[in-house]
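Inspection log for the structure reproduced underneath, given as C-alpha cells.
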Amino acid sequence: MKRRWIITTLFLFLGYMILNLTSVTAIAAEFPDYPVPEECLQQAQKEGKLHIYDWADWWPEEIYANFEKKFGITIVRDNFASDDEYVAKFKLNPNAPYDVTLPSARGMIQLKALGVLSKLNKAWIPNAVQYLPEENQKLIWFDPHNAYGIPTDSFFYGYAYNVKYVDSTDPRIGSWGFLYEENPYAGRITMLDEMFVVVGNALKYLGYSYNSDNEKELMEVRDLLMKQKSRVMAYDSWPKRLVLEQEAWLSNCWVGDSYFYHQELDSIRGCLPKEGTEFGVDPLVIPKGAPHPAAAHLFINYVMSPEVNTQLILGIGYTPNHKATREMVPQSFKDWPGTIIDEAYLQKCEVINEKALTGRGLEMRSKIWEELKR
Amino acid sequence: MKLRILFLRLISLVTYIFLWAPVIVIIVFSFSANKYGIKWDGFTWKWYAALLENDMVRETCLRSLVIALITVVVSTFLGTITAYGLYKLKFKGKQLLRTSILLPIVMPEVVTGAALLLFFIKLSPLQLGYTTIIIAHIVFSTPLAVFVILGRMQRIDWSWEEASMDLGATRLSTFRRVIGPLLMPGIAGAAALIFPWSFDDFVITYFVSGIGNTTLPIYVFSQLRHGSTPVINVIGTLFTVITLIGLLATKMAEKRSRTARL
Amino acid sequence: MTRSNNQAPYAVELINITKRFGKITAVNDISFAIPQGEIFALLGPSGCGKTTLLRMIAGFEKQNSGDIRIQGEVVNNIPPNKRECNLVFQQMALFPHMSVAANVAFGLVERKRPRPEIKQKVQEMLDVVNLVGMEERFPHQLSGGQKQRVALARSLALNPKVLLLDEPLAALDRKLRKEMQGELRRIQREVGITFLYVTHDQKVALSLSDRMGVMRDGKIMQIGTPLEIYETPQTRFVAGFIGSCNIFSGRVLSKNGNGMRFEDQYGHSLCVPDCKLTDKDLVRGISVHPEMIEILPPHLAGSAEKSDNLLRGKITDVFYQGDFTELTIKIPETDCRVTVHLSRSKDCRVPLKQGGEVVLRWDACHSNILRD
Amino acid sequence: MATTAESRLAESSRVQTASPETSGEREMKRRHRFQVATYLGPIMFVQVLFVLAPLSFILMFSVLKTGPYGNIVFELTLENYRNLLDTGYATVFFKSIYYALQTNFVCILLSYPLAYYIARYGGRWKASLLLLIVIPSWTAYIIRLYALKTILGSNGLINNFLIDLGVIQLPIQFLYTSYAVSAGLVYTWLPFMVLPLYAALEGLDSSLWEAAKDLGATPVRRFFRVTLPLTRGGLLAGTLLVFIPSLGDWLVPHLLGGSKFMMAGTLVAHKFTAAGDIPGGSCLAAALAFVLLLLIYFVIRFGGRESLEQAL
C-alpha cells in the first residue's frame, strides 16, 4: 500500500522533471550572410524563447529547427487548423501570449479590427523591407506599407483534377464552372470546408464581386451551392489523401496543394480559374503584449531572407511574394499554373474586405453556409 | 433454445468484429509500407523507427500521461471523499448537490469546454496551460469517480467502519486500514475509467489548452488532417498493446496473490 | 486477568438517558447500572430502543440528554474509538480483507503495542475462544460459529471495561446458538469482563444472564435476575414477552387468610397468594405460566383443594411440540382462551382431542400479580 | 467575581437543559456540519467555481451582442434567442436528436443481445469478454475514427472485399454519407451502452427467469414482461450515456460525414469558431444544455435516479 503511493508520487515527479527538461540548451550561433540587426539579436538571445502560433503540419519543419540551431532560441509552437480557429482563439483571449502568428489575410484583418496586433519595428527586419514588391502592396488594403504584417507568400484558389478519370478535353476546364456546375463526377468532388472561399469563388464564377453583400447575388450563389451539394463527396480542407488515393477526382484547393499532388501522382493537373479568385497573403504578425518581441522580429527577418523563403515556398508550393525567391525557384515550379502570377490575372482577383467579413455580407454568408450544412 | 443461443452468438460476434476491426486495421497498417497507412504494401518496421525519432510524439505523449496521472489521482481522491460524504451524511440540499455533480457528465463536451474556456480567460487569473487542462479534466472526471465509488460503497457493510472505530481506530486510520482497502476495487475502477478518458480527451482539452501544451490527441488530430500518416497507426498500435500487456499483468498478479493467500 | 481493586462498583451506569431521532423518542429517560463482572441482558422486541442504547454506550450515537458512565467516568463526549468498551456486532463485521490473526490484532495495532505483545495477546485470545490454528484463515473461510468467536476475540483482545454484544447469536442456527451460549458464559467467567448483551430472544437472555432488563418503547419495564423476571413479571408486557403467560385482567375483591380473592373480567373468581407488600388496589391482573396449569377430567373437579383455581373449558387446538404439548382451551360463554403446556412426563387422564371438555387447575401460589 | 461567574455558568447550563435543543444536540449538529464541510466542501468548491460559474457565464454571454468583427459587445439583447427560433437551428437540433436517437436505437439492438449473452452464457469468460469491449475504446478515439474511414472508403476494405467477392462491380459510397456518421457514432458509443446493460442483466436473479418459465411464459413474453422491465435502469443509463455525447458530437460528422451536415455539437463549435459569434454560440450551447437537462429530468422522473446512478 505504502509502496504504491511512493511509486505514484515518484512517477508524477519524474513526469514533471522530464517535461521541464525538453528545452534544448542554447547553441552559440554562427551568423549568416544576411543582415541581422545587432540590437535585435542581442535582445532576442536574452529572451531565449519564441512562441509561435501557426498552421499545423504546413511549413517545413527544418525552418524552425534551423532557426533554433542558428540563434539558440527555443521555439514553442501551437497549431491551428483554420483561420476561424485562429481568430476565435484571439477573440476569446485577446492576451494570448504568442510572439509570432501566421494568419491568412482574413485572419489578420479580423485581428487588426480586434486591435490585438502591434506595429512592426521595420529596423529589425531589413530583409522584409528589401525584398517585398511594391505592386502587391496596393492590393493589400488592410495593411498599408506592411506596417503590421510581413506577407511570406501569396495564395490563390483553384482546383486539382485527375486526368485518369476526368475528361481533360472538357472545354469548361479552366473555369470555376467545371467545379460548380453539373458534371459527370458526382460523388467524386471535394470542396474546401471554408465558408468565405466556397461562397466567394461562386460569386466570382457568376461574375460578381468576391466580397459581394448583395442579397440577390448571394441568393444566386446559394441556389448554385445547394444544387452542387448533391454532387459533393465531402467538404474537406485537407483532401490530400482522398486525391492521392484517387477517391476524389475533382478537388477544390489552394494552388500550392495541387502542385504537391502532382509531385506525388502524375495524373493530377491544376487549374487557376480564368474568372479570378481571392488574392490573399499569409503574413507573419506580432500580437500586442508578445513576451518575446525581439525574437519575433528576428524570426520574421529570418523567414524573409532569400534562402529561407525559397526553402519555404518550395516546401508549401504557394506563390512567392519575395522578389528574390521568384527568381530562385526552379523552372518546373514556375510553370505550374498559379505559382507565378502575372499582373493581368492579378487584376481579376480581389482581396477579401469588410463587405464580406462584417454586417450583411457575413450574415448572408453564415446563413447560406448553415443552410448548406443542414 | 439452441437457435436462440446461436442468434445471440452471431450478434455478439458481429459486434465484436465491428468494435475490433478499426483497431486491427491500425495494427496491421502500422507495418505496411504504404505511405498513407491505408493499404498493404509489404512489411516494414520503418514507421516504428520514425516514431523513435519524432520528438513531438514523445513530448505530447508524456504531457498527456502526466495530465492523465494527475487527473486520476486528484479526481479519485475527490471522488472518494465526496462519495463518502454523499453516502454517509444527511443534509439539506443533498439532492441538489447530487444533481449538480451529474451536470458535467450530461453536458456535451463542447458546452463544457466552451464554458470553461470563457470562464478561464474572462474571469480567472489563471493562464491557459497545464493548470487549466488539469482543472477541466478534473471537473469532468470527478463525477465519474463519485458515482463509480458510490456504487461500490453501496456494497460495503458499514458495520466494518463502526467495528474499526470501536476497536480504537481513528477516522483516518479506519479509512486507511479498513474502508480504503475495501473501496479499492471501486477506486481502481474509477481510475481505469478516468485515465483513458483523460489521456484521450480531445474536445475539452482543445478548448482550454494554452501555449506549448499540445496533448497527444490534439497532436494526432492536427497530423491526421493531412491524411493519416503511418506513424499515427504506430501510436495507436502501441497503446493497444500496452493496455493489453498492462491488463494481462494485473490479471496474473491478481491470480498469483489469490493463490498465495490460500 | 487481574483488575485493579480501586474500581467503581459499576461497570456501566446510565443516568436519565434520552435519545430522539427527529420526532421519535427511541430511548426515553432510562437509568440503570450494571455491576462489575456481571452478564447483563437487555431484552426487548425489535424497535424497542435496545440497540440504540447499546450504540450510545459504544459511542456511535449521542444521547440528547443524560449521562453515561463507564467505571464511574462520564464518557458523554468521548468518541467511540477512545471509549474503553467494545461492541460485538450482530453481523460480526469481521474485516474481510484481513486474516483471523490480523482481525484479532486490529485494535492492538491501533494502540501501537509492540509486536511481540500483540502476537502473544492474539494467541492468548484465540486460545480463549478455541480457535488456535486458524490464524491465517480469512473470514470467508470460516463457519458462522467460528466467525463469532473471532469477533469475540477481537473485542476481548483490548481488555475492555465492558463488552457490548448486539444479538451476536441471532445469525446462528439453533444448535450452534446453544453451544455458543455456553461458550460465552465460559469465556466471560474466564476473562471476568462485564458483558452487556442485547437480544430479543427471551431464552437466550434467561439462560445466559446474571441479571436482565426488559425494554419496551424506549423504557425499561423491569430489571431483575432471570428467575425474578420469569417467575414474577410485574407487567402484562413482561409476562407475555417472557413466557407467553396466560393473563387474567381483573381486581382483588377481598383478602382472606389463604390469600386474596380475585375476580377477572368474566366474573371468574380466582385465588391469589397474599403478598404482604402488595396493596390490593395495585393488583390489576394475574398471570399464570402455561406449564403450571394442570388438566383434569370434568368429573374430578371436585377433588381440588381450597387454594386451587379451577376453570372449565373446551379444548379448541392441540399442538404437539415434542417435549410438551400445547393446548388452547376456551372457557365457554367468554372470549377467554387459556394456553396450557403439558409436559410428557406429567400423566394426563384426559383424551387430548378437539372439543373435549376439561377442567383447568392451578395452585394459587402460581398466580403472579400484575400491576398494570 | 468567581461566584458570579459560577452562578452565570450554572444558569446558562440550566437554560441549556430547559431549551428544546440540548447541549448534546448542539454538539451533534456542530460535528455534523464539520463533517459535511470536510467531505463535501471540496466538491462544492469545484462545482460552484468550475461548473456552475462557467455555465452561468455561458448564459450571461448568450444575451450579449456580437460586434462587426466578432468582438463581444456588452449590450443586452434577446436577439440570439430569437435567432434560435427562426434561422433553422431547430432543424439542426431535430436532425441531431434524430441521429442521436438512431444511434441509441442501433446501440441497444447490438448491445442487448451482447450483454445478455455475456451475462447469461459468459461463464468464466465474463470478465475477458467485457474487457474485449472496453479495450478498443482505450485506443485514441481520433485514430480509430480514421481507421474507420479507411475501412469505409471507396477503396476501403469493405468495398474491396465486396468487389473481390463479386457482389458489386463498382464501389459503394459509404464514407461521407449519413450512414457513415451513424456507423461512427454507434462505433464510438457502443461500449457505453453495453456496460450498464450488462450490469443490469448481471444483477438479475436467474431464478426470475425460471419462475417466469415455470409460470408458462413463452420466451418472447418472458423477455418483454420480466427481463426488459427489470433492466430498465441499465437501459436508461445506457441511453443517457449514448444519447448525450452523440448529440454533442463534433468530430464524427466532421470526419466521417465530410462536413456535409452539422449536428448540434458541430453547430456550437462552428458558432464559436467559424462564425465567430461567441454570444450566438453561447446561446446555442445554453439551448443544447437546456434540451439535455429536460431529457435528464424525464429520465430521472420516469426511470428513477437510483437506477441511473447505479448504472453509472
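The values are calculated or read from the model by the stated rules, or taken from the named source; none is laboratory data. Predicted, not measured: the structure shown is a model, and the values here were computed from it. Neighbour counts are summed over all protein chains in view; Cβ atoms, including those assigned to glycine, are modelled from backbone coordinates with ideal geometry. Quick note on the areas: whole protein, heavy atoms, side chains included, nothing else; ligands and nucleic acids left out. Shrake-Rupley method; radii C 1.70, N 1.55, O 1.52, S 1.80 Å.
Calculated mean residue ellipticity at 222 nm for chain A: -13500 deg cm²/dmol, from DSSP H runs with n ≥ 4 weighted as -39500 (n - 2.57), summed, divided by the residue count and rounded to 500. Is the shape of the range D:88-311 best called rounded, prolate or oblate, per the rule: a/c under 1.5 gives rounded, else a/b larger than b/c gives prolate, else oblate, with a ≥ b ≥ c the square roots of the Cα gyration tensor eigenvalues? The shape class here is oblate. In the protein assembly as shown, taking the dipole from charged Cβ atoms about the Cα centre, the farthest positive-side position among C:T235, C:C271, C:I70 is held by C:C271.
Rounded to the nearest 20 debye, the dipole magnitude of chain C is 840 debye, with +1 charges on Lys and Arg beta carbons, -1 on Asp and Glu beta carbons, and the Cα centre as origin. Per-residue SASA remark: B:E53, around 150 Å² accessible (1.4 Å probe; ligands, DNA and RNA not included).
So what's the angle, to the nearest 10 degrees on a 0 to 90 scale, between helix A:61-71 and the longest Cα principal axis of chain A? Between the helix axis and the principal axis of chain A, the angle is about 30 degrees. Give a quick list of trypsin sites (Lys or Arg not before Pro) in the range C:199-300 that DSSP marks as loop, anything other than H, G, I, E or B, with at most 10 other Cβ atoms within 10 Å. For trypsin sites (Lys or Arg not before Pro) across the range C:199-300 that sit outside H, G, I, E and B with at most 10 neighbouring Cβ atoms in 10 Å, the list reads C:K276. Extending 7 Å from Cα along the Cβ direction at A:A147 and again at A:I340 yields two label points whose distance is 3.4 nm. Annotation: per residue accessible area for the range C:10-231 equals 40 Å², rounded to a whole number [probe 1.4 Å, protein chains only]. Springs between Cα atoms under 10 Å define the GNM used for chain A, and in it the highest mean-square fluctuation of A:Q45, A:Q347, A:Q137 occurs at A:Q347. Counting only residues at least eight positions apart within a chain, or on another chain, the aspartates and glutamates with an alpha carbon under 14 Å from that of A:K334 are A:D342.
Net charge near A:G174: determine it from the other residues with C-beta under 11 Å of the C-beta of A:G174, scoring Lys and Arg +1 and Asp and Glu -1.
Net charge in that neighbourhood comes out at +1.
Assuming a strict under-17 Å limit between Cα atoms, what lysine pair count do you get for the range C:244-370 once near-sequence pairs (fewer than 8 apart, same chain) are dropped? For the range C:244-370, qualifying lysine pairs total 6. Of the residues A:Y185, A:Y165, ranked by 1.4 Å probe accessible area with the largest first, the sequence reads A:Y165, A:Y185. Looking at chain B, the accessible area is 41 square angstrom per residue; that uses a 1.4 Å probe and ignores ligands, DNA and RNA. Sequentially through the range C:216-233, phi angles give Karplus couplings (6.51, -1.76, 1.60; θ = phi - 60°) of 8, 6, x, 10, 7, 8, 7, 10, x, 6, x, 4, 4, 5, 6, 7, 10, x Hz, Gly and Pro residues having no value and appearing as x. Listed by number, the DSSP H helices of chain D that run 20 Å or longer by alpha-carbon position along their axis and have mean Kyte hydropathy of at least 0.5 are D:89-121, D:178-202, D:232-248, D:278-303.
Between the Cα long axis of helix B:94-106 and the first principal axis of chain B there is an angle of about 0°, rounded to the nearest 10. Relative to one another, the C-alpha centroids of the range A:357-372 and the range D:156-223 are positioned 41 Å apart.
Here the Gaussian network model covers chain A, with springs between Cα atoms less than 10 Å apart; of A:N66, A:N121, A:N93, A:N93 fluctuates the most. In straight-distance terms, cross-link reach from C:K19 covers every one of the lysines whose alpha-carbon lies under 26 Å from its own, apart from those fewer than eight places away in the same chain; here that gives B:K88, B:K90, B:K92, B:K94, C:K50, C:K62, C:K82, C:K161, C:K219, D:K29. Taking Cα atoms only, the orientation of helix B:2-29 departs from the longest principal axis of chain B by about 60 degrees.
Take every pair of alpha-carbon atoms less than 8 Å apart whose residues are at least six positions apart; their mean separation over the length of chain B yields a relative contact order of 32 percent.
Put a plus charge on the Cβ of each Lys and Arg, a minus charge on the Cβ of each Asp and Glu, and nothing anywhere else: the dipole of the range B:47-261 about its Cα centre is then about 720 debye. Here the Gaussian network model covers chain A, with springs between Cα atoms less than 10 Å apart; of A:Y302, A:Y259, A:Y34, A:Y34 fluctuates the most.
Set Lys and Arg Cβ to +1 and Asp and Glu Cβ to -1, take the dipole of chain C about its Cα centre, and tell me which of C:L208, C:T325, C:A8 lies farthest positive. Farthest towards the positive pole: C:A8.
Only the Cβ atoms of Lys and Arg (+1) and of Asp and Glu (-1) were treated as charged; on that basis the dipole of chain A about its Cα centre amounts to roughly 1160 debye. Note on exposure: D:C107, C:C365 ranked by accessible area (1.4 Å probe, complete protein assembly) read C:C365, D:C107, with the most exposed listed first. Ordering B:T76, B:G168, B:F195 by the projection of their Cα atoms onto the charge dipole of the range B:47-261, which places +1 on the Cβ of Lys and Arg and -1 on the Cβ of Asp and Glu, puts B:G168 at the extreme positive end. Taking amide H as placed 1.01 Å from N in the peptide plane, A:K49 has its amide H under 5 Å from the amide H of A:T74, each at least 5 places away in sequence or on another chain.
Bridging of C:K175 to aspartates and glutamates at a Cα separation below 18 Å is possible for C:E167, C:E183, C:D201, C:D323, once same-chain residues fewer than 8 apart are set aside.
The range C:67-122 and the range B:125-196 have their alpha-carbon centroids 26 Å apart.
Of the trypsin sites (Lys or Arg not before Pro) found in the range C:11-93, the ones in coil according to DSSP and having at most 15 other Cβ atoms within 10 Å of their Cβ are C:K23. For the range A:218-302, trypsin sites (Lys or Arg not before Pro) are listed when DSSP marks them as loop and at most 14 other Cβ atoms sit within 10 Å of their Cβ; the list is A:K274, A:K288.
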